[in-house]
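Q: Sharing a structure, written as structure tokens. Questions coming.
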């Protein structure tokens, strides 16, 4: 059993019916020392009653935001009081699978240079009563993460001591706030993929604590502006096309790619190839029950030796 503390931060908002399951999945972990930090983001239901009962366990610490801070601010409130050398995140409607904590901590302890790690995971479709395993690519780093969120879930474990600055989520990102964190971790230290399903990601048709309204476009625009200087021109073109497509559809994507192609055909072609791979694999992956297929297809395009790696600057 690892004697180094893993602090799991769990944001929650009006989800008292699911919070207990999520919390128990963390507290029932074996083989690792656990601290669970629950941050109640100004819930208006009986969440305080649930957190009060959970806090009877000395491993549980509870914070309540009197006004909603959203997913990033809520996680940051938990990080601020978390005491562990290792830091992880679980949403209030998801769950850790048995052995997850010990496996993730062991992966980091096995290589002292690794700054963060994330596992494969299980997607649970509650309404349909079925599950699927997400198996993404392995061996990706910051260059690939600039293009695509290969992690894709809240759960990952960070070794805090290897980072010069405290890990924090960006409150200006209403979406992709986890992607931003994993990317910044990978830009500083090696990032590891644990090839086991260790997290249960639940799709239930309701809102998620990690979603704030429908302002996806502004979130992706901020992500692009924040990381554009580290991106190749083809990567920037790809993100610009994605943003355009979110409001104006595929015709807007075509216009962005065509405009880029007049100046740099190779970069536009790579951006188009990544986008096509993602769209095609998403359809195939849905039919096959393989949610990790889009990320594996995109990774293959990005790392095909016959292409210039990730485009030009």
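The values are calculated or read from the model by the stated rules, or taken from the named source; none is laboratory data. For clarity, every value in this text was computed on a predicted model and none was experimentally measured. With ideal geometry, Cβ positions are generated from the backbone for all residues, glycine too; neighbour counts draw on all protein chains shown.
Q: What number of residues within the stretch 38-56 are out of contact with any helix residue (DSSP H, G or I) (no Cβ under 6 Å at 6 or more places or on another chain) and part of a loop (DSSP other than H, G, I, E, B)?
A: So the answer is 5.
Q: On the given criteria, is residue 190 touching a helix residue (DSSP H, G or I) at 6+ places or on another chain (Cβ under 6 Å) and either within 23 Å of residue 239 (Cα to Cα) or surrounded by fewer than 22 Cβ atoms within 10 Å (Cβ to Cβ) (or both)?
A: No; evaluated as a whole, the condition is false for this residue.
Q: Oh, and also: Six or more apart or on different chains, Cβ atoms under 8 Å: show the pairs whose first residue is in the stretch 62-86 and within 23 Å of residue 115 (Cα to Cα) and whose second is modelled with pLDDT of 95 or more and in a helix (DSSP H, G or I).
A: Filtered contacts from the stretch 62-86: 86/104; 86/105; 86/108.
Q: Among 190, 174, 154, which is the only one that is in the same structural domain as residue 10 (by TED's automatic domain parsing), touching a residue at least 60 places away in the same chain (Cβ under 8 Å) and under 23 Å from residue 97 (Cα atoms)?
A: Answer to the check: 154.
Q: Also, I was wondering about something else. Please report, ordered by residue number, the strands (runs of 3 or more DSSP E) entirely within the stretch 82-172 with at least 1 residues that are at pLDDT below 95.
A: On the way: elements: 86-89, 116-125, 130-134, 157-159.
Result: 116-125, 130-134.
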